[in-house]
Every structure is written in structure tokens, then in C-alpha cells.
1. Of the cross-linked pairs B:15/B:532; B:407/B:517; B:195/B:322, which ones have a Cα-Cα span greater than 22 Å in the structure shown?
2. If you take the accessible area of A alone, add that of B alone, and subtract the area of the pair, what total do you get in Å², probe 1.4 Å, to the nearest 100?
3. Which lysines have a Cα less than 22 Å from the Cα of residue B:355, not counting those fewer than 8 places away in the same chain?
4. With a 1.4 Å probe on protein heavy atoms only, tell me which residues of the range B:87-122 lose at least 20 Å² of accessible surface in the complex relative to the chain by itself.
5. Sequence-distant or interchain residues sharing an amide H contact under 5 Å with residue B:159, placed H: which?
6. Sorted by packing (mean other beta-carbon atoms within 10 Å per residue), highest first, where do B:31-38, B:238-245 land?
7. Just counting partner chain Cβ atoms within 10 Å, what average do the residues of peptide B:451-459 show around their Cβ?
8. Give me the net charge for the shell around residue B:144: Cβ to Cβ below 12 angstrom, other residues only, Lys and Arg +1, Asp and Glu -1.
Amino acid sequence: MRHTISVLVENKFGVLSRVAGLFSGRGYNIESLSVGETLDPKISAMTIVTTGEEQVIEQITKQLNKLIDVIKVQDLFEVDHVEREMVLMKVSPRQEHKAEVLRLAEIFRGRVVDSSPKTYTIEITGDEKKLEAFIELMKPMGVKEFVRSGKIAIAREMSKNK
Amino acid sequence: MKVSGSEILIESLKKEGVKHIFGYPGGVVLNIFDYLYGDKDIKLFLTRHEQGATHAADGYARSTGHVGVALVTSGPGATNTVTGLATAAMDSIPIVVITGQVATSLIGNDAFQEADIVGITRPCTKYNYLVKDVHDLAYIVKEAFYIASSGRPGPVVIDLPKDVTAVQAKFNWPEKIDVRSYNPTMEGNRWMIEKAARKIEKSRKPIIIAGGGVIGSGASPELLELAEFTRIPVTTTLMGIGGFPSTHALSLGMPGMHGTYYANMSIQDSDLIIAVGMRFDDRVTGKLDAFAPNAEIIHIDIDPTSIRKNVDVAIPIVGDCKKVLAVLNQVLKEGEMLQWAEIRKAWLKQIDEWKKLRPLSYTFDENVIKPQYVVERLYALTGGDAIITTEVGQNQMWAAQFFKYDKPRTFLSSGGLGTMGYGFPAAIGAQVAHPDKTVIDIAGDGSIQMNIQELATAVLYELPVKVAILNNQYLGMVRQWQELFYGERYSHSHLKGVPDFVKVAEAYGAVGLRATKPSEVDAVIKEALKIKKTVFMDFVIDWKEKVYPMVPAGAPIDQMLFEEAPKKEDKKLKAVK
């Protein structure tokens, strides 16, 4: 199963490699990892997307907890939460596709954040399914490249354990 | 008043009660060594290799329970500690290794003797630090000792750049520290402990498997109380040896690959396993799917990751073994009044039959020395009053099987990592901590050559460490596997060119003794024990001798190989299959 795990860590140098090293050293999958500062600048929040059998996920959360610099681990699989990811995409559509590209961006609530005579750079956020759908629709329009941010997630305030 | 970083470091170590350091100087730690010059409170033992220093700190820690300390230089000095750190990490041993580092301004420039030791040691330490600011130093030392010795203990590295050892700062020793992200669970959940007690009351064929956690937490008295009160037999893993008296009637010796027949049969036939401070290593469980098929498991361990890592557990109890067992004993004593002796009669009788059917054994030979005989004689002639260290391989298994250990911290062996070259420097560390005790490294001719340079250390500091070399001119355990599983193709396991160990010892200023016949064994051991000097005892043993019983890798632990075919029909063995 695929799990999104939220991890609060001390904002010190080397913490990211401790976490990444744990995954590589023990052979756990890591689909995406994103990290950033929190309200308290001494604490960073990581969102890790991983896959594995139930027993493996249990080990992953325990092993994360065991790291000295990890303050809190929450497996969001068990709670209602909001997930978002961002894509930045460069498209160079042929003349006849230009309008369609802009229309699709609008439908998906994307924004054009840069444009040149030949390309648009589109920013779009959403959950994974939305982004996948957008990328599929855009592919025939002349996508030059895109980058994805990796998922970030947060538990809902009124969340109940599933 | 401001003092140098070196002074802050050493004075912080003194605050932590450090009296002995094992180390080796070099360019970037010159300031620290200069401050140590003539210091009265801390004695530095100069080893001949940084690996030796790290294992010595480890042996010091294992034999005392206190944090062992090593101090080395940057680059190669630091990388030489990696094997020692990994050894300590696998066996949960509290050591603090201080490595020098190039000056902060040079870090990352591939400077002379620079190595990213924090990066290199991240997976084989419990935690590590690069000290960038001298003002953090005292706090880091305090925190390092706290992390190394608390919870599930382990090695900690402090990487100290040269400029930090020189700059001046005020020495502020923190009386208290708080690591908000590190709070090991010490007290076991009461409700779980009560559930465990009820399970124990219902069980008819229980067994305790005790591991290194019993020794680490000092839980031996509580374990003994539990076993004696409930009449439950105890098997101790390699790391748990000494945690329960080997000579006790309820002791089953060691389980697993080279465990006793009766320990393995008892595990396989049990209906309840009480696992205390052990982690179900593959050398203990054998084939996992076939491990203890009828048993429910109560697992007590301070490290939650140990629980349900390899086997499914009915009752997990996270906590300090000593504290959990104390509560468990109390709950059991307050519980239903049971006739424990009566309840346990049938089970103990069955185990007794297994004990009689296949005790640990070997065939004595008048003409050639059997290694097991040497270990037995070491036990007899020391009266068991010794600290035994081992190397790795056959010597380690014979030392575990044929010496008896009634007290914790008397058997020091690299269990998890299986580090050849561990035993001799570990014996040096143990001897430093226990100057009046008999310390014996039971070694092989292969392993002893992996840190033989430490003879100089032992001789220099007049440490009367004894080394019993079981010399078969082979990497014995490798040879054993090749004989049994690789069609007797002895690929590179024959150690041609083994030196004359008597002469090696003498060349270093130690004493060398040799026995080539069984009749000479006692005289050599007695002589060695009498001499208050470092002694190498070279026992030329039967090179064909193998360690039995043996569970082939990947087989269930009740499918053991023995020295000879079974004499009696073994119904139980078949029943379990």
C-alpha cells in the first residue's frame, strides 16, 4: 500500500540525509520526499510518500521515530488529510494549439507564470490524480519539460481516524 | 575565564566520569593531546591502530556498563574506527568516539587527511555530531554521553575540527539537558504487562529467550527471579550469555545455529516465548516460517523497531527490561496462587530428556588437542572467574558453548557484526577496567592476526591479558561450511603462513607458550594464569574439528547436524517436522 507520512524534524544540517539514508540503507521505497520550514523555524516538516506491506510501513514509522532528530511521525493513511503537489510545465504548442493549451490550464486552474514567443510555463497545483490528468492532456500539445514538487500533506483540523 | 576548546573537551569528559581513553594522535588532534600531556585524571592508552582503540573502548564498556571513549585523528584515523563503531552499533554498546577534523575553513576542500566522517558513520552510529562552534562543545559532549548510554545504547561520534580545539570560550557545563526529540520509553505499559502475566499463568510450555538487553539494562536479578518463581527455562542468545547463570538448572544454554539441541527443541515445542531484550536475529530463528510454530510471543524490548521486525508478536512491551521484569514479577506474585513447580513438571521433564539425549559434546582424543577441551580446561582452571572475550568463528562458538558464564559482563563477543579482530583489543579494554581480573581472549589463528599489533599496547601498559589461540591453520568456520556445503572445496580458507605465535609474542616482549598435545594443555594454562604478563597460548588443535550442533543456513532450528548419527530414535524431532 501507498502511504503518505508526515515527519517533523529538527531543522539541523544533515537531517535530510539521515532520513534518506534510513530509506536507502534498509531498502525501503521512497516515491517522493519534500521538506520545508514550519511555523517554528527550528522545526522542518517532511512529507514522504512510500509504498510497502503493512509490516514494512510499521517498521518505517518506527525507524523514523528512532532517529534522534525526528520529533513526530504521523502516518496520514490513518487520518483525513489534504494532499497537494505542484507541477511547473513548459509547453511549446504549435500555433493552432495555443488557445487549447490556455483553455486547459484554465480548466485545471493553472496559471501561466512565464511566456516567451514560443513557450508558456504553466504552474498547476492539486492532488496527484488531477496533475496526472493534466499532464496526459497536455502531452499532445508539445510539452518540452516539466518538474514536480513532490507531495506535501497536512491532516485536516476536524480529522477523524479513518 | 576563557579556555581552549581542547580544555573544554577534556574537562567535559572528566565531568562525565571518564578516567580512561583509548586513542591515537595525529595532526588535527595535536591540541587535544597537548592538553592531555601530563594530565593526572585521565589516562590515555595508546593503541597501535584506531580499530584497536575503538574495540578497546567497546570492551571497556561491555565489561563495566560505562561509556567507553576513543580519541583519534581525522581522515584515516577516523575511518579506521568504522568497524569498531559498526560492531558497537550492532550490539548496542555505549561508546563515544572523538574524531579530529580539518579546520572548519577547509571542510569540503579535500584537505589533507580530510574525510566526511559524519557522513561515513551515519548508518553505523546511534548519532553523530560535527562541532562547528566551540560554544556548543560542552553541551554536545554531555548529550553524546546521554544518547550513547540511554535507551537502546549505541556508539556516538563527535567530529571536532582543529580550529574548534584551539579557540577560546567559557566553559559552561550544562547540569541538565533535554533532547525533545529523544525520549526512550523506560516504563512498560502496565496493562500489557498484566496481559503478559495472564498468558504466563496459562502457558504449559513456556520458554524465556534472553538477549543482550538483559545485560545492557542490568536485568539479571529480575530475570533470575522470574525464571525461578515461575519455573520457566531460560535460553540466552550469544549477546545474552551471562545474563542468566549458565550453571543454573533452568539454563538451556544458547539457541540457534550453534545452539544446544535442548534449547532449540524447547523453542520449537514451546507454547509461549518470553523474549527479553533480544531481536530474533536470523542466527537465532533459522527459517522464520518454521520458527516456534506453536508459540505465542511476548516481546520485551526498549527499541520498538525490534518488535515485529522479524516475527509476529502477541504482546509487545516497549520498555527497559529491568523495569518491565520487575513489574511483571510483582504482577505474577500478586496474581493467582499457582503451584508453579507442579505445573512445570511435565515440561521440565521433557526438556530434561532432551538434555540427556543430546548434551553438548565432543570426542576427546589423547593424541590431538580438541578445541573444546581447551575451553573446558580454561573454565576449570579459572574456576569460571574470568572475563572471556572472543574473536569470530569457531573459536567464538566453542567459547560460548564450553565455558560457563554465571555473571553478566563476563562474555564479550561481537555478535551482530561478527568482527574478526575484536577479541584481543576488547580484552585490553576489559583489562584496563578490571586490572585484577583474569581476562582471556579465546581466539583463532585467523582472527588474532587481524589486530595482533595490539600486543604492543598490552605489553606497554603491563596488561596481563591472556590469549588462547585455537590454532588450526584454517579459517575454521569457513572451512567447516566448505566441507559441509561446498563439496570440500577449501577455497582460500587454508591460512598458509600462520606465524609462530610464541615468537611473535616474544618479539613484542610478551610471553609465548605452546601446547601440541592434550597432556600439555593444563600446564600451559596454569603457567599463563600464574604469569602477571601478557601471554599468548598457542594451542595446536585438530584442524578437522567442527562446531556442532549446527543448523544449516535457512533450515528450521530443530533440523540440526550433529557430530555423529543419533543413537536413539528421536520421536520429538520427527513430531515437529
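The values are calculated or read from the model by the stated rules, or taken from the named source; none is laboratory data. Predicted model, so just to flag it, every value in this text is computed and none were measured. Here the Cβ positions follow ideal geometry from the backbone for every residue, glycine too, while neighbour counts run over all protein chains shown. Surface areas here come from the heavy atoms of the whole protein model, side chains and all, with no ligands, DNA or RNA. Shrake-Rupley method; radii C 1.70, N 1.55, O 1.52, S 1.80 Å.
1. Numbers: B:15/B:532 33 Å; B:407/B:517 32 Å; B:195/B:322 18 Å.
Table pairs above 22 Å Cα-Cα are B:15/B:532; B:407/B:517.
2. Looking at A and B, the buried total is near 1600 Å².
3. In chain and number order, the partners are B:205, B:345, B:404, B:546, B:567, B:568, B:571, B:572, B:574, B:577.
4. Hits at the 20 Å² cut-off: B:122.
5. B:99, B:129, B:130, B:131
6. On the way: B:31-38: 16.6, B:238-245: 27.5.
Order by mean packing, descending: B:238-245, B:31-38.
7. Mean shielding by partner chains, rounded to a whole number: 0.
8. Details: positive: B:126, B:142; negative: B:16, B:136, B:143, B:159.
Result for the local shell: -2.
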